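The values are calculated or read from the model by the stated rules, or taken from the named source; none is laboratory data. Every value quoted in this text rests on a predicted model; they were computed, and no experiment measured them. Note that we place each Cβ from the backbone using ideal geometry, even for glycine, and neighbour counts take in every protein chain shown.
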Amino acid sequence: MPENLSLREELSAQFERARASRPPEVVATLERMISTLRESHFTKGALKVGERAPDFALPNVRGETIRLGDLLGRSTVVLAFYRGGW
């Protein structure tokens, strides 16, 4: 894949490759789900670029409780959400 593609272009290309490799009934189900999400305006409550996240505490990979407020200002904070193998 060319390196000069925007993230939106890369995601669109990845979506099209995935779509082409799935059975039509799976694609139809996914498209219905995407449409439902878009119609629900679920992003209205999402943080915008530059907005500060509310403070929260979560366990890290070692089981230690980490508070966002304790990290802000000390270092760069990267939040990664991994849904795992449910």
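Brief remarks follow.
- Some residue of the stretch 37-57 being free of Cβ contacts under 8 Å to residues at least 12 places away in the same chain, surrounded by 10 or more Cβ atoms within 10 Å (Cβ to Cβ), touching a Ser or Thr at 6+ places or on another chain (Cβ under 7 Å) and outside any helix (DSSP H, G or I): yes
- Flag for Arg74 being loosely packed, with under 10 Cβ neighbours inside 10 Å, modelled with pLDDT of 90 or more, in a loop (DSSP other than H, G, I, E, B) and not small (Gly, Ala, Ser): no
- Filter result for Glu3 (at pLDDT below 90 and acidic (Asp, Glu)): yes
- Given (1) surrounded by 11 or more Cβ atoms within 10 Å (Cβ to Cβ); (2) at pLDDT 90 or above, number of the condition Ala20 does not satisfy: (1)
- The condition (being among the basic types (Lys, Arg), modelled with pLDDT under 85 and outside any strand (DSSP E or B)) is satisfied by just one residue among Arg83, Arg8: Arg83.
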